[in-house]
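> Quick one: the structure is below, questions incoming.
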Amino acid sequence: MNPPSSSTTPTRPGPLDPVKASVAHLLTRAYSLPCSTAAQAFAHLVQPVARFQLALDALLPLLDAGAVEDEKNEWESLPQRILVAYILFSMYAPYPITVNPFKSVLLVTFVRERNRAVHVANEGGVSSNEQFVWVLWKMLKGDGNDISPYTPSTLARSPLPPKLRASNLILNDALYNTMFDIDDNVYSYFQSQRLRSASSDPYDKNDNQPHTIMTRPLQQQQIAPTRTLEDERQNEKVAHGMKLLLAARERVLTLAEQRTLIPIMPDLAASQLVASLDMAPLAALNPQITHLLVVSIFNNTTKTTNVELLYPYLETLSCLPPTRSSFDLMGRLIQDTSPISLTGYSTVADLIRMEVLGRFVHECITWLERAEVEEREGMVSKDRYAQGVQNLCRFYTSLVRLLIVDPTSDVDSAEMAHFSLRHARFEEANVLYRTLAAAR
């Protein structure tokens, strides 16, 4: 019997590259991780000498995926495309974006995606790729690190204010080489990939020369309507303000920086890029700024009638530790008479008193009880526990004096009465207990 010919011999697939398999697994699982964490995981999986080639083989096709798909599939692929773009950016993040070898890919993608978004906007709609355009814009401006703490999923679903819509996002052409000057393999690869899918691009189907816009210098592309100088300045202020907010999680802002932030706080809140988990580090270092930000978020939420967006922020406020900064913030909020349009609440103070204050006091007591046990076991310093007791008792005493809580009500004060009696060895706790006892 003759052996089977080579044309009929079944081909057995070769072994899958374990590194590529690990990267593929990462790209399908990392949507809920901060972008910086996912990028660090990629760097850990891939040796430095192999990252560039693997990015060509495994990342660039995903960056282009979804560009010509239907809207439903594009929504599903958006977090992955954001993640891929961030990894390409982060690989050379210590250096200026102008020397990043993937700059051309990001620039081509930005121009194409922006044109698509503007096309949809001109027809009265909102493109599903608006967030992707904004992310690319941040990276190409050199501000990609600003989005590091946020997850791709959060970035993909966060609505943008009108000032950050695709039609308003402009790049300084002088910072970039024209397309004719780009001579790296990345751009050539990306161009060939785009030409293969040109026939299926719904935005070029009436164009006799599809995608020629991608081979013209950026200066020749009419990619935005005329915008006023005032709009440009305001957009820059918002971008700078977001950078200051990110810095405010790690250090106390200067008075000049605070004065820069205060006028644009409503715009920053409207961006919805400030996560609820950011409130804790912000409150620890900058309670005044956090107070204004919380009020702006409340006002922005009531305008959109999406009350559910408040719950994560209220939860975070309720669980702040018993520090001076936390009590400073809570004191500001609980006396803030700014009006809000939520059913059952007329002011910020009403909302905080009804939804946050009781839980906040309870969580402070729980935190201090845990700190007392840890101190007894030698795990923490004595100052943290003692200062927490003193701060909480001072705070609650001020609430009684301001008539914010009713000392005659067991519902309001029973837990604090027990706490202050148990810690009466501290002067502040002793004063509070005598105040509560005298009111009964």
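> Keeping to the stretch 23-43, report how many residues are over 20 Å from the mean Cα position of the chain (by Cα), more than 11 Å from Leu59 (Cβ to Cβ) and at pLDDT 85 or above.
Of the residues in that region, 1 qualify.
> Let me ask something additional. Please determine, by comparing only the residues of the stretch 309-335 that are hydroxyl-bearing (Ser, Thr, Tyr) and either under 25 Å from the mean Cα position of the chain (by Cα) or in a helix (DSSP H, G or I) (or both), which one is nearest to Arg353 (Cα to Cα).
Among those residues, the one meeting the criterion is Ser318.
> Could you tell me whether any residue of the stretch 118-135 is in a helix (DSSP H, G or I), closer than 28 Å to Tyr95 by Cβ, of a type in the set (D, E, K, R) and more than 13 Å from the chain's Cα centre (by Cα)?
Within the stretch 118-135, none of the residues are in a helix (DSSP H, G or I), closer than 28 Å to Tyr95 by Cβ, of a type in the set (D, E, K, R) and more than 13 Å from the chain's Cα centre (by Cα).
> Go through the stretch 92-109 and give me each residue that's touching a residue at least 24 places away in the same chain (Cβ under 8 Å), crowded, with 21+ Cβ neighbours inside 10 Å and of a type outside the set (Lys, Arg).
Passing the criteria: Phe102, Ser104, Val105, Leu106, Leu107, Val108, Thr109.
> Taking the residues in the stretch 136-170 that are assigned to a helix (DSSP H, G or I) and basic (Lys, Arg) as candidates, determine which candidate is surrounded by the most Cβ atoms within 10 Å (Cβ to Cβ).
Selected residue: Lys138.
> Let me spell it out: the conditions are (1) more than 29 Å from His25 (Cβ to Cβ); (2) at pLDDT 85 or above, and Val135 meets all of them except one. Which number is the exception?
(1)
The values are calculated or read from the model by the stated rules, or taken from the named source; none is laboratory data. Quick caveat, the model's predicted, so the values are computed rather than measured. No Cβ is skipped: glycine too gets one built from the backbone with ideal geometry, and neighbour counts run over all protein chains shown.
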